[in-house]
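The structure appears right after this line, and notes come after that.
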Amino acid sequence: MDTKDTISVLNDLIETSKDGEKGFRECAEDLKNPQLKTTMTQRAQDCATAAAELQQLVRTLGGDPETTTSTAGDMHRRWVDLKSMVTGKDDEAILNECERGEDVALKSYRKALEKDLPIDVRSVVERQMQGVQRNHDQVKALRDAERARS
């Protein structure tokens, strides 16, 4: 895999991280439970940190790092907004959408790891994917707890 391909994979993951950051921030805004708001705000910050790390990797490789969210991520958030208006934005529904967003992020990271990435890049992507998996599992657990309360 050449440097240009590696940069392209990293830029896709930057978009994924930016999508996660924006998605978690929007979830935090809509959630009613203050503890859930705090958790989602922290997850948004984690995504921002991941994006910054990937952007630095792209710069190190001599590339121009992505700075925006993806079109698919923007469309997902519009769908969440529409769905939220219909469902009344209850915390369980919002957490469902957060989990769906993390499913997409996991898929993006798995796809990246199928590529023949340089060792140093692969180690960063693997570590970040573990963080995405933790986010996913935490959101799922919070959603399940919220469902049990209903």
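The values are calculated or read from the model by the stated rules, or taken from the named source; none is laboratory data. From a predicted model like this one, the values you see are computed outputs, not experimental measurements. Cβ sites come from the backbone with ideal geometry, for glycine too, and all protein chains shown count toward neighbours. Ligands, DNA and RNA are excluded from the accessible area calculation, which covers all protein heavy atoms including side chains. Shrake-Rupley method; radii C 1.70, N 1.55, O 1.52, S 1.80 Å.
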* To do: Take the range 105-121 and flag every residue that is under 19 Å from Ala48 (Cα atoms) and either surrounded by fewer than 17 Cβ atoms within 10 Å (Cβ to Cβ) or hydroxyl-bearing (Ser, Thr, Tyr) (or both).
  => Leu106, Lys107, Ser108, Tyr109
* Can you find a residue in the range 122-139 that is modelled with pLDDT under 95, among the basic types (Lys, Arg), farther than 16 Å from Thr3 by Cα and not in a loop (DSSP other than H, G, I, E, B)? -> yes
* To do: Restricting attention to the range 24-43, report how many residues are under 18 Å from Ala141 (Cβ atoms) and buried (at least 17 other Cβ atoms within 10 Å of the Cβ).
  => 8
* Asked: Of all residues in the range 9-25, how many are over 30 Å from Leu36 (Cβ atoms) and either touching a Gly at 6+ places or on another chain (Cβ under 8 Å) or modelled with pLDDT under 95 (or both)?
  -> 2
* Asked: Which residue, of Asp19, Asp12, is in a helix (DSSP H, G or I) and buried (at least 21 other Cβ atoms within 10 Å of the Cβ)?
  -> Asp19
* Asked: Taking the condition open to solvent by less than 70 Å² (accessible area, probe 1.4 Å), among the aliphatic types (A, V, I, L, M) and touching a Lys or Arg at 6+ places or on another chain (Cβ under 7 Å), does Leu57 pass?
  -> no
